[in-house]
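So the structure is just underneath, and the comments pick up after that.
Every number in this text was worked out from the coordinates using simple rules, so none of it is lab data. Computed from a prediction, not measured in an experiment: that's the story for all the values here. Every residue, glycine as well, gets a Cβ built from its backbone with ideal geometry; the counts of neighbours run over all protein chains shown.
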Amino acid sequence: MATSREIVADAFAHKKSERIPAGVCLGGSWPFFIEGVTLEELLEQPPTVAAAFYRVMERVDADFVTVGAGATALLIEALGGEIKFISNGAPEISSLLIASETDIDALNISKALKSERMAWLREVARETVRLNQGRRSIFVSGRAPFTLAGQLLGLETLSKSLYKNKALVEKLLAFTTDLSVAYYEFMLEVDGIDGIFIADPSASGDVVSSRHFEAAVIPHITEVLRRLAPHGKLSLLHICGDITDRLHLLEQTGIQMVSVDSKVNLAEAKRILNGKVGLSGNANPVFVIEELTAAEVYAEARKCIDAAAFNGGFMLLPGCDLSAKASEENVRAFVRAAHEWRC
């Protein structure tokens, strides 16, 4: 029988496997809610963080596990930004580091990666790999250049600058591309990580036009993947909102699989991607996983699988982050739907 890790690898290679792989975490805070702890409480305890996170992954039998998810604001803090810890979610960025082009020159990526916060994050990854013992597929989670730019400048200002200050946008995206690559390379120093999970929520179809997506998002994701290619890792991209009108652009980036929001029709996405890019998603994390019964969640998960699992290249994931209100019973039912489906 194939391991979870092998089944995930098959999905990324567009191969049919004995079952469909499934995961549950994109943002990464949900396991801490289930364990009754917060990230802030565990900042000095990498083994405890990894153990709490991994216990939940074992109980729901997830094939795909992300490390670093739910803690991406720590990178902004390491650069000199201010963040605020909250009890029911990931840390929030509470100050902006960039107001002009000159502010970009003051940011030091090398120094940021030497911070205690980054050392803590890598140690959590190392401990998670140790606990895993090669069974599940482990990906390191981080942000794409466009979303990082919005975190540094403010998304509203970034959106306006796409029209009014293109020089600032170009310089900032060049910096955040370097930042994204450096972060992933820092985390990939941990042996046993199978892939990179690139979250780009600010590139949502609800926020950025297809034209600006093609000009300001695609080239920088492409560059991140080009520079990380020598590491030989699997790659997964998640973008929020309805991105149906830009799915056809993703093949050129080199991304192996895209995770789509529940707003995207999976059958249509499968048709557009046409086996060139793998597909994952996309049950609604609130209206399905949080609010329905376990039996209903199972049925909705099967609908996702039936729509997109044919010919391989599919992984079952929620359409976005799970909230604190999602029950462990429902999440187990969600994963079980994938494990009990047969090609």
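Odds and ends about this structure:
- Relative exposure of His248, His238, judged by other C-beta atoms within 10 Å (fewest first): His248, His238
- Taking amide H as placed 1.01 Å from N in the peptide plane, the amide H of Val207 sits under 5 Å from none that are at least 5 places away or on another chain.
- Ile83 long-range amide H proximity, modeled H, under 5 Å: Ser94
- The chain - percent relative contact order, Cα under 8 Å, separation 6 or more: 22
- Anisotropy class of the range 99-256 from Cα gyration tensor, a/c 1.5 cut: oblate
- Residue exposure proxy: Met1, Met57, ordered by other Cβ atoms within 10 angstrom of their Cβ from fewest to most, comes out as Met1, Met57.
- Counting only DSSP beta bridges with both residues in the range 58-210, the antiparallel share comes to about 20 percent.
- Gyration tensor verdict on the range 4-339 (Cα atoms; rounded if a/c is under 1.5, prolate if a/b is larger than b/c, oblate otherwise): oblate
- The H on the amide N of Gly134, modeled in the peptide plane, is under 5 Å from the matching H of no residue at least 5 residues off or on a different chain.
- Within the chain, antiparallel bridges make up roughly 5 percent of the DSSP beta bridges whose residues both belong there.
- Peptides 300-308, 223-231 ranked from most to least packed give 300-308, 223-231, packing being the mean of other C-beta atoms within 10 angstrom over each peptide's residues.
- Angle between the chain longest axis and helix 46-60 axis [Cα atoms, degrees, rounded to 10]: 30
- Prolate/oblate/rounded call for the range 1-111, Cα gyration tensor, a/c under 1.5 rounded: oblate
- Here the Karplus relation 6.51 cos²θ - 1.76 cosθ + 1.60, evaluated at θ = phi - 60°, turns the backbone of the range 260-268 into coupling constants of 10, 5, 5, 6, 8, 6, 4, 4, 5 Hz, with x for every Gly and Pro.
- Here the simple spin-label model places points 7 Å from the Cα toward Cβ, and for Thr48 and Lys164 these points are separated by 4.7 nm.
- Counting only DSSP H runs of at least 4 residues, each contributing -39500 (n - 2.57), and dividing by the residue count of the chain, the helix-based mean residue ellipticity at 222 nm comes to -13000 deg cm²/dmol.
- Note on Ile7, Ile86, Ile218: ascending count of other Cβ atoms within 10 Å places them as Ile86, Ile218, Ile7, the fewest first.
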